[in-house]
Amino acid sequence: MDDAILLIDKGEDLQAVLRPCRHLVQIGFWDNRSASAERLADALGFTLPEDGQQVADFPGGWVYRIAPSRLLLLGSEDRPLLPECQTVIGQGGMVSDISHAKLLLDLKGSAAVPLLCRGITLNLGFAGLRPGCFAQTRLHDASILLHRLEEAQFQLLIPTSYAAAVSDWFKDAAHLMRY
Amino acid sequence: MRRLTSGGEIDRNRPLRFSFDGRPLQGFAGDTLASALLANGLRLVGRSFKYHRPRGIYAAGLEEPNALVTVGRGEARCPNIQATAIPLSEGLEAWSQNRWPSLGLDLQALTGLAAPLTSAGFYYKTFMGPGQGTGAWMVYERFIRKAAGLGRPPKGSDLRSAESLHQHCQLLVVGGGLAGLTTALEVAETGISVILAERDSILGGAALSTPHDSPERTRRHALLAALRDLPTVEILTGTQVFGAYDHGCYAAVEEGSRPRLRLIRAERLCVATGALERGFVFPGNDRPGVMLAGAVRTYLHRYGLLCGARALVFQNNDSGLDLAADLAEAGAAVTLVDPRPDLTAEQQARLDKAGVDSRLGAKVTAAIGGRRLRAVQLEGPQGPDRLQCDLLCLAGGWSPVLHLASQAGVPPHWSEAHAAFLPGPLPPDISVIGAAAGDFRAMPDSKGKPETTWANPPLPLWRSGEGRTAFVDLQNDVTAKDVRQAHDEGFVSVEHLKRYTTLGMGTDQGRTSNVIGLALMAEARGRSIPATGTTRFRPPYAPVSLGALAGAETGSLFHFSRRSPLDGLLREEGAVMTHSGPWLRAWYFRENGSDLESATCREMEIVRQDAAISDVSTLGKFEIEGPDAVTLLNRLYCNGWTKLAVGKARWGVMLRDDGYVFDDGTTWRLGETRYLMTTTTAKAEQVLSRIEFLLATAWQDLRVQICDVTDHWAAIALSGPKSRAVLARLIGAQQAKELPFLGLLETALAGVPLRLVRVSFSGELGFEIYCPAHGATTVWRALREAGAGAYGLEALGALRIEKGHVSVGEIDGRTTLDDLGLAAMASRRKAFIGQVMAARPGLNAKGRKQLVGLVAETPLSSGGVLSFGPVKGTGAGRITAATWSPELGCYLALALLRDGRAQHGREVAVHDPARGRLCKALVRDPHFLDPEGVRQRG
Amino acid sequence: MRMTCPWCGLRDSDEFLYGGDAEAGRPSLEESDSEAWIAYLYERENPCGPHREYWQHRFGCRRWLVVERDTQSHEIIKISFAEEAVP
């Protein structure tokens, strides 16, 4: 499962690619305000997000604060996040490798927002989810994390077991939009 | 009735062909089916619900009670659509309903002659009364259902491709008349995001019913031009907002060949839904040719259609005046009838100028005709009179459309001055404007101040004539007499009136009849209308097709199935998949066209005699870590965890708070404070939520974290006497040999990290092999190449029956540890969930159903009822799981049997009424195979 | 129905999992009196008006919440993390 799968290719209008996560690490802290979290932020070079909306970034990755006491780190390049996190966190929290638990779905194009609005109840328009922010929500039965990179560019984290169903849904929705 | 040569919103250069009852007809682009039928001179378009009376088009919008048609044919047909709500399209096929053999000659109209016998409550009294029982109803129902009722629904699936959208805005304006457009413009210009939804295919509302040079039309043009380029407003036409739900959620639908459901979340709602006109109650008021005055004006100005040559306008307020003048100017001979004694000088001058004859202080007491109106009976200051006419226009007053506001919780308040219900106190996020707020001025503004002074106040008049055919609700054939009868029989509350007479039911939901029915009930009771009450409206405002509600999520998209990372490979190997909770799992492997039974037997034999693998990636898997992790496990499970060593696994059982068994699974100690918990496939999600709940509430003091790694780890069960040899080919003989029962091993295969645990679900020597999901196919292939066969869910379930392992069939929320023979599991040295409630007397009483095994020579099936004599009630027990055992050569079952452990050795009768089977089985210990566990300990 | 998760923001109710009455106090695990457990498990007030319930933001941050809701008007009065709402 190293290869990216091109789900939809409609040029500027819509592109969807499904690919594995290189590095995905979930960290749970014993408390909402944790010194370990601050240490990790210093070590990797990000600012600990204050809420469940802002995405923080560090060289080669993103940080989602998925709950007050939980961080999700997505490494975008060959930087082995797991040992680095384990070293910094030590006994200060739980570090779990979940790189195979999610797949990444890259979605971009002018039709990206209209397409997402067919399944996702979030406000992606006026006064809604802004670029640089993320939201955890559902697409039917699947829990997903939606990260808006640009106005019309998203990356979604999809549970591996739901990836086939979610891919089918995207293709069907694109088809209904006459793509 | 004729089409004018100019005017209206129709395009005379774009003729459209359509058919009605198979007869080819022609209309224009911009027509509705109703206007096109009228333009073709069709007065008679349907038969009434109960009496099969001939009916014509009565209104021009969603209030239409009569003109219900079926659109399309075969499985694509859609019944009970109002002809007034169907935009005409090329090739449209429409059919009249509720007539036999034809619309013109309907033999069932004879029931009309028996009308006195079939008044309100007819069904209840005739078929369900004392002495009749429900038997009579069951006999007659099919005849009555055939005679009464509406169109026939299609039986197949909705073939249209439907879609649904989620939308957000700050203000949702419902209604695209002048009031709604004005508000949308004013608000959107301030930078607030607005969605305006209009049911009609074009914007303008009542302005479209005015002459082409009217000030309303001019204002409409100006508003549309200003709105056109405003980026903050989205205008949806042909979109009916049909439901208001809690916290600013609204549902809207576009029907048609491509239904589209919109779920709109709005911070504020502006209701600009206008008002609907009412008629009057008098005999013959349902004759084709009797129409609402506003509708006649709509047909005149929007569709260029003059609905009659000799017209009579009957009004009790001023709203019929414009129509009377317009009809006269279009060439009709017009008489205005008004029970009020005077008109203002200005009004009189207008009528005189247009050449309208007026009868003041007069009312219509009856309409005369059969399949079309021929004359009306008048009662005036000069006594009774009879006038020939082919069109009678009723202007009985206006009812604001308050459905949406009412759904959102706004109570209706009766206004005597308006003779109508107006919106009561509004919550801060809802406004009601225009005619919906009682502002009946032609040019409403966004303030929506209701009119309180009238040049010539309306006269409350509901009923102008008496007789058997004086209808209140045309769609349901409810007459003034029926309302009176409901009152006399004690059904005086509005809700009872509706249910007893069916007043206000059906596709039009009494839009033209509710207020009149209420007024007549108030009159009968000698009370005021507000004291008589009104009903609160519920969604949907208008019928919504099920296909539109289902949206695109049908077929395989109806439910998202979870798939194992081995899914594709298993299918390649011939796996037939089946649903198991949210998952798709390999059911059995088809080999040389084998069926379920033969494949399952083959797979079981491989496991018992050789070695085989099964995909168990669906098990719930949760990493648990923290200084208090062991405390958490000790509290969750009924058995103890303190002594579990690092590198070992243990089987555990959890109880619910109420003492019944919740779930089971093995949990592994990976490190000093780190564990991997596995759960059953079925309960994984519930177990996770439950643990998170306890950590967030009662057990906040525990320093522990949990992470769902179900999708990260694939899992493969390897079972069979030769499984160690298979494993040895993967990880070396030494490691395979040294792994003790319930021992863990972390190793790797071709770069794929492996976690192994020696456990057994089948009773044979067994291992579970875990690896990160993307490596699963590599590991599966390696195991297959090392000589392992493959087995599916059916064999997995059958093997565990042979071994007597409990699963979802037995852990069904009604069984205790002791019922399942697991009482020894419970620790006495610690407190755990469910401990106290499990000790309740009722959960430990004699007579509880206990797990037993059954052996039989004939097939057993789950659900079978057990008894030692004749079955009384639910019998002595039930079968929870059953299979054929190739190993033992007989049929086996697990069952829950009353005091079962004391019945070993007895013969029990097994009843299977669903399959019409009765057989005998021997009760015994459920561990059919290797009760000492020699095999699994290898 | 929509609810504001203190962590994730305003969401549709179908992202949340209902978790029962939050008015009933859970006995400590050491509580051996079955009456206390019976009261916790089975005895409910069913009030008309403000009422506290547990909900989990199942499809969001997975936090357990205490939602104070008016059972008559459906107005959401207050939503807090369960950790903060449970004494």
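The values are calculated or read from the model by the stated rules, or taken from the named source; none is laboratory data. What you see is a predicted model; the values in this text were computed from it and never measured. We place every Cβ from the backbone using ideal geometry, glycine too, and count neighbours over all the protein chains shown.
Scanning the stretch B:502-559 for residues that are within 14 Å of chain A (Cβ to nearest Cβ) and part of a loop (DSSP other than H, G, I, E, B) yields a count of 6. Could you please let me know if B:Gly151 is of a type outside the set (A, V, I, L, M), modelled with pLDDT of 95 or more and under 23 Å from B:Pro65 (Cα atoms)? So B:Gly151 does not fit the description; no.
Among the conditions (1) away from chain A (no Cβ under 14 Å); (2) closer than 26 Å to A:Ser161 by Cα; (3) not in a loop (DSSP other than H, G, I, E, B), the only one that B:Val726 does not satisfy is (2). Annotation: of all residues in the stretch B:576-608 being polar (S, T, N, Q) and in contact with a helix residue (DSSP H, G or I) (Cβ under 8 Å, 6 or more places away or on another chain), the one that is modelled with the lowest pLDDT is B:Ser594.
Considering B:Thr298, B:Thr344, B:Thr335, the condition of being among the β-branched types (Val, Ile, Thr), more than 30 Å from B:Gly30 (Cβ to Cβ) and touching a Ser or Thr at 6+ places or on another chain (Cβ under 8 Å) is satisfied by B:Thr335 alone. Return the residues of the stretch B:783-808 that are more than 24 Å from B:His927 (Cβ to Cβ) and part of a helix (DSSP H, G or I); say none if nothing qualifies. Residues satisfying the conditions are B:Leu783, B:Arg784, B:Glu785. Restricting the search to strands (runs of 3 or more DSSP E) fully inside the stretch A:1-98 and requiring at least 2 residues that are of a type in the set (Val, Ile, Thr), in contact with a helix residue (DSSP H, G or I) (Cβ under 9 Å, 6 or more places away or on another chain) and closer than 23 Å to A:Ile158 by Cα gives A:5-10, A:23-29. Which of the residues spanning the stretch B:823-840 are more than 10 Å from chain C (Cβ to nearest Cβ), surrounded by fewer than 19 Cβ atoms within 10 Å (Cβ to Cβ) and part of a loop (DSSP other than H, G, I, E, B)? Answer for the stretch B:823-840, where residues must be more than 10 Å from chain C (Cβ to nearest Cβ), surrounded by fewer than 19 Cβ atoms within 10 Å (Cβ to Cβ) and part of a loop (DSSP other than H, G, I, E, B): B:Ser827, B:Arg828, B:Arg829. Taking B:Ala226 as the residue in question, decide whether it is among the small types (Gly, Ala, Ser), modelled with pLDDT of 95 or more, buried (at least 22 other Cβ atoms within 10 Å of the Cβ) and within 30 Å of B:Pro428 (Cβ to Cβ). The answer is no for B:Ala226. In the stretch A:57-87, the residue that is farthest from the chain's Cα centre (by Cα) out of those that are more than 14 Å from chain C (Cβ to nearest Cβ) and under 26 Å from B:Ala696 (Cα atoms) is A:Gln86. For the stretch B:627-634, check the following and say yes or no: at least one residue is among the charged types (D, E, K, R) and either within 18 Å of B:Leu742 (Cβ to Cβ) or surrounded by 21 or more Cβ atoms within 10 Å (Cβ to Cβ) (or both). No: the stretch B:627-634 contains no residue that is among the charged types (D, E, K, R) and either within 18 Å of B:Leu742 (Cβ to Cβ) or surrounded by 21 or more Cβ atoms within 10 Å (Cβ to Cβ) (or both). Take B:Ser564 and decide whether it is within 25 Å of A:Arg138 (Cβ to Cβ) and either touching a Leu at 6+ places or on another chain (Cβ under 6 Å) or modelled with pLDDT of 95 or more (or both). Judged against the criteria, B:Ser564 is a match. For the stretch B:766-773, the condition holds for no residue, the condition being that it is in contact with a Phe, Trp or Tyr (Cβ under 8 Å, 6 or more places away or on another chain) and over 24 Å from A:Leu24 (Cβ atoms). Evaluated against (1) under 26 Å from A:Ile8 (Cβ atoms); (2) within 14 Å of chain C (Cβ to nearest Cβ); (3) surrounded by 22 or more Cβ atoms within 10 Å (Cβ to Cβ), A:Gly128 falls short on exactly one condition, (3). Kindly check whether there is at least one residue in the stretch C:50-63 that is more than 14 Å from chain A (Cβ to nearest Cβ), polar (S, T, N, Q) and over 30 Å from B:Pro411 (Cβ atoms). For the stretch C:50-63, residues more than 14 Å from chain A (Cβ to nearest Cβ), polar (S, T, N, Q) and over 30 Å from B:Pro411 (Cβ atoms): absent.
Note on the stretch B:478-510: among residues that are buried (at least 24 other Cβ atoms within 10 Å of the Cβ) and among the charged types (D, E, K, R), the one that is farthest from B:Gly61 (Cα to Cα) is B:Asp482. Taking the criterion of being buried (at least 21 other Cβ atoms within 10 Å of the Cβ), in a loop (DSSP other than H, G, I, E, B) and not acidic (Asp, Glu), the residues of the stretch B:250-277 that qualify are B:Pro259, B:Ala272, B:Thr273, B:Gly274. Quick one: is A:Asp106 more than 14 Å from chain B (Cβ to nearest Cβ) and surrounded by fewer than 15 Cβ atoms within 10 Å (Cβ to Cβ)? Here the answer is no, as A:Asp106 does not meet what is asked.
With respect to being under 35 Å from the mean Cα position of the chain (by Cα), crowded, with 18+ Cβ neighbours inside 10 Å, within 23 Å of B:Ser580 (Cα to Cα) and not charged (D, E, K, R), B:Phe693 falls outside the description. Please tell me if C:Ser28 is among the hydroxyl-bearing types (Ser, Thr, Tyr), away from chain A (no Cβ under 14 Å), more than 14 Å from the chain's Cα centre (by Cα) and surrounded by 14 or more Cβ atoms within 10 Å (Cβ to Cβ). Considered against the rule, which asks whether it is among the hydroxyl-bearing types (Ser, Thr, Tyr), away from chain A (no Cβ under 14 Å), more than 14 Å from the chain's Cα centre (by Cα) and surrounded by 14 or more Cβ atoms within 10 Å (Cβ to Cβ), C:Ser28 comes out as no.
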